[in-house]
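> This structure is in structure tokens; I'll ask about it shortly.
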Amino acid sequence: MKKVEGRYNRQEMLEGWNQEKLKQSTVLLAGVGALGSMVAVFLALVGVGKLILVDMDTIELSNLNRQLLFTESDIGKFKAKVAAEKLGEINPNVHVTARNESVISVPRKYYEQSDVIVDGLDSFEARRWLNSLCVSLNKPLVHGGMYGWYGNIQVIIPFVTPCLECQPLLPRERFQKSCTPPGKKREKVEVETPKFPAVSTITAVLSGIQAQDTLKILLNLSPLIDNYLFYDGMSQSFTTIKLERNPKCMICSDKYRLEGIEYAIDKQETIRELKDRLIATLGLSEPIRVIHKSKFIEDNTKIGEMELNSGELLFVYDKSLGKPLKLRAKIS
Ligand SMILES: [Zn+2]
């Protein structure tokens, strides 16, 4: 009689494989669109014990050219919820949690309990926020991005490899925004989510690599580090670029973590003007609040009016940062 093989028999033949380790692992998928939903499929197939799916979006007809987990009858439903149901059918041994909310509002405990976080996001701001959070929690982040026939992968092991802010490959949000003249009130502009060209075949290549690097981190099998991997689906080529950690990175450098960024501040400027300078010079997205000695400082306050001395710290909360920015004041 033919011996029945177990679900994981074939992968357990791989050198370095540890099925029990995968069963004990948790991966958070930040975004379950094209990349995230496919990475989730691969991780469910191999038997990663726990998957946490985070996505605030609902399924649209235009998603169906590249998102295998969703069908026309799912249109209008939450991506995370539907993906969780389908993944449960693909592998009932995997525990799947669906959070139908943005990556920013999901409780921190979900990130803290994860071994690896997978970036399947489509906005630069959310991506930078996630990078900052992963560094502050010391969690590996597997970043993936696509545009048309092209894609890129970067694995961030905090304080070991460069983070997304260490180098200029990540386009800064500020280049897409018009500047606000000093003193002018900022108006909130509703921006429609940009629409990018996207095709299932590129999604398949990129999500496969992202899932594979996630597995390698979980299994301690030397993931892609120090490198930025670029895939060109037209010429069918992979290019790796060696990246270095930036000793001045405001997210992950040791200097910054210990001392904060020294920043020249004029006595005559207001907090609002300081915020605008931070957007222009450090690429912040939208500073929400500035805290000095546990006190919130209003926008119209002049630096000279508050008791801020050189060498003291200001904490700036920004939409693109998962933890406040630490500024060491240099008053002039
Ligand atoms: Zn960095």
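Computed from the coordinates by the stated procedures, all read-outs in this text should not be read as laboratory data. None of these values were measured; they are calculated from a predicted model. Every residue, glycine as well, gets a Cβ built from its backbone with ideal geometry; the counts of neighbours run over all protein chains shown.
> Order the peptides 106-114, 14-22 from the highest to the lowest mean number of other Cβ atoms within 10 Å of their residues. Before the final figure, lay out the partial values.
Working: 106-114: 14.3, 14-22: 12.7.
Highest-to-lowest ranking by the protection proxy: 106-114, 14-22.
> Another question, then. Could you rank the peptides 159-166, 66-73 by their average count of other C-beta atoms within 10 Å per residue, with the highest value first? Write out the running numbers ahead of the final one.
Numbers: 159-166: 20.8, 66-73: 16.6.
Result, highest mean Cβ count within 10 Å first: 159-166, 66-73.
> When the dipole is taken about the Cα centre of the chain, and only Lys, Arg (+1) and Asp, Glu (-1) are charged at their Cβ, what size is it in debye, to the nearest 20?
Charge dipole of the chain: 440 debye, to the nearest 20.
> OK, next. Using a Gaussian network model of the chain with C-alpha springs under 10 Å, which one of ALA98, ALA34, ALA80 is most mobile by mean-square fluctuation?
ALA98
> Something else now. Please compute the contact order of the range 260-331 in relative form: average sequence separation of alpha-carbon pairs under 8 Å and at least six residues apart, divided by the residue count, as a percent.
After rounding, I find 42 percent.
> Could you go through the range 53-60 in sequence order and give the Karplus-derived ³J(HN,Hα) for each residue, using 6.51 cos²θ - 1.76 cosθ + 1.60 with θ = phi - 60°, rounded to whole Hz, and x for Gly and Pro?
3J(HN,Hα) across the range 53-60, in whole Hz: 9, 10, 6, 8, 7, 9, 6, 10.
> What ranking of ILE209, ILE156, ILE291 emerges when the number of other C-beta atoms within 10 Å of each C-beta is taken as an exposure proxy, fewest first?
ILE291, ILE209, ILE156
> In whole Å, largest first, what are the principal axis extents of the Cα atoms in the chain?
86, 40, 40
> Note down the nm distance, to one decimal, between modelled labels 7 Å out along Cα→Cβ at SER102 and at LEU64.
Label-label distance for SER102 and LEU64, simple model: 2.9 nm.
> State to the nearest 20 debye the size of the charge dipole of the range 260-331 about its Cα centre, where the only charges are +1 on K and R beta carbons and -1 on D and E beta carbons.
260 debye
> Working out 0.36 nm times the residue gap between SER200 and GLU307, then minus their Cα-Cα distance, what length gain in nm do you get to one decimal?
Once the chain is fully extended between SER200 and GLU307, it gains 32.8 nm.
> Mind ordering 1-9, 53-61 by average Cβ neighbours within 10 Å, highest first?
In descending order of packing, they fall as 53-61, 1-9.
> Do the sum for the chain: with -39,500 (n - 2.57) for every DSSP H run of n ≥ 4, divided by all residues, what is the mean residue ellipticity at 222 nm, to the nearest 500 deg cm²/dmol?
Result for the chain: -8000 deg cm²/dmol, rounded to the nearest 500.
> Also, quick follow-up: So what's the angle, to the nearest 10 degrees on a 0 to 90 scale, between helix 34-46 and the longest Cα principal axis of the chain?
Orientation of helix 34-46: about 50 degrees from the principal axis.
> In sequence order, what are the phi-derived ³J(HN,Hα) couplings for the range 69-84 according to the Karplus relation 6.51 cos²θ - 1.76 cosθ + 1.60 with θ = phi - 60°, rounded to whole Hz, with x for glycine and proline?
Karplus values, whole Hz, x for Gly and Pro: 6, 10, 10, 4, 6, 8, 4, x, 8, 5, 4, 4, 5, 5, 4, 4.
> What are the residues whose amide H is under 5 Å from the amide H of GLY49, where those residues sit 5 or more places off or on another chain and H is modelled from the backbone?
Distant-sequence amide H within range of GLY49: LYS23, GLN24, SER25.
> Provide the three semi-axes, in whole Å and in decreasing order, of the ellipsoid equivalent to the range 84-154 as defined by the square roots of 5 times the Cα gyration tensor eigenvalues.
22, 18, 12
> Continuing with the same structure: Pairs of Cα atoms under 8 Å, at least six residues apart: use those to get the relative contact order of the chain, whole percent.
Dividing the mean separation by the residue count of the chain yields 16 percent.
> Let me ask something else about it. Just to check I understand the Karplus step: with θ = phi - 60° and J = 6.51 cos²θ - 1.76 cosθ + 1.60, what whole-Hz values come out for the range 86-98, glycine and proline as x?
5, 5, x, 6, 5, 8, x, 7, 8, 8, 10, 10, 10
> Helix 271-282: angle to the longest alpha-carbon principal axis of the chain, degrees 0 to 90, nearest 10?
Tilt of helix 271-282: around 50 degrees.
> Straight-line reach from LYS81: which lysines have Cα under 20 Å away, leaving out those fewer than 8 places along the same chain?
LYS50, LYS109
> Treating the angle as unsigned and between 0 and 90°, give the value, to the nearest 10°, between the Cα long axis of helix 124-137 and the longest Cα principal axis of the chain.
Between the helix axis and the principal axis of the chain, the angle is about 90 degrees.
> Then there is this: Using only the Cα atoms of the range 1-92, what do you get for the radius of gyration and for Dmax, in Å?
15.1, 50
> Separate question: Can you give me the C-alpha center-to-center distance between the range 107-172 and the range 9-39, rounded to a whole angstrom?
18 Å
> Of all DSSP beta bridges in the chain, what percent run antiparallel (nearest 5)? Write down the numbers at each step before the final one.
On the way: 31 of 53 bridges.
Given both bridge residues lie in the chain, the antiparallel proportion sits at roughly 60 percent.
> To continue, here is another question. Excluding residues fewer than 8 places away in the same chain, name every one of the lysines whose C-alpha is closer than 18 Å to that of LYS326.
Partners found: LYS248, LYS255, LYS275, LYS293, LYS295.
> Output the antiparallel fraction of DSSP beta bridges having both residues in the range 260-331, as a percent to the nearest 5.
Percentage antiparallel, nearest 5: 70.
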